[in-house]
Amino acid sequence: MKKLKSFGGKSLGGKTKQLEQLQKLQEEVQKKIQEVEANFSNVEVEVSVGGGAVRIVGSADRKVKDIEIDEDLFEDKEMLKDLLIAGFDELMEKIEQKREEELSKVTQEMLPFGI
């Protein structure tokens, strides 16, 4: 079969060396991202709300590991509810921030132009 030629006379058939390098780089980045994501369960994130009355510990894989609540809050259920909501909101924000930081390290390390 005859190779296609562009107007400049260059071959349009087959893979170019740059395309192969780009594909190899993409595979390396995907592998590294998978490694980082697998490690997220070991990355802990902690928040404290209400002056330390509620402390929540989670991991970067979006799992809650521990909750500590000051016993005085059990008397005021509405306050406890508000602090738990605030704590979980803050925890999720911190987790997403940590995930973005870790994943951006991969792209900065692996890609020469740091997309």
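Each reported figure results from applying straightforward, stated rules to the coordinates on display, with no laboratory input. All values derive from a computational prediction rather than experimental measurement. Glycine gets a Cβ as well: all are built from the backbone with ideal geometry, and neighbour counts include every protein chain shown.
Couple of notes before you dig in:
- Whole-angstrom Cα spans of segment 45-110 along principal axes, big to small: 53, 17, 16
- Assigned charges on the beta-carbon of Lys, Arg, Asp, Glu; segment 45-110 dipole about Cα centre (debye): 360
- For segment 45-110, the relative contact order comes to 33 percent (Cα pairs under 8 Å, sequence separation of at least 6).
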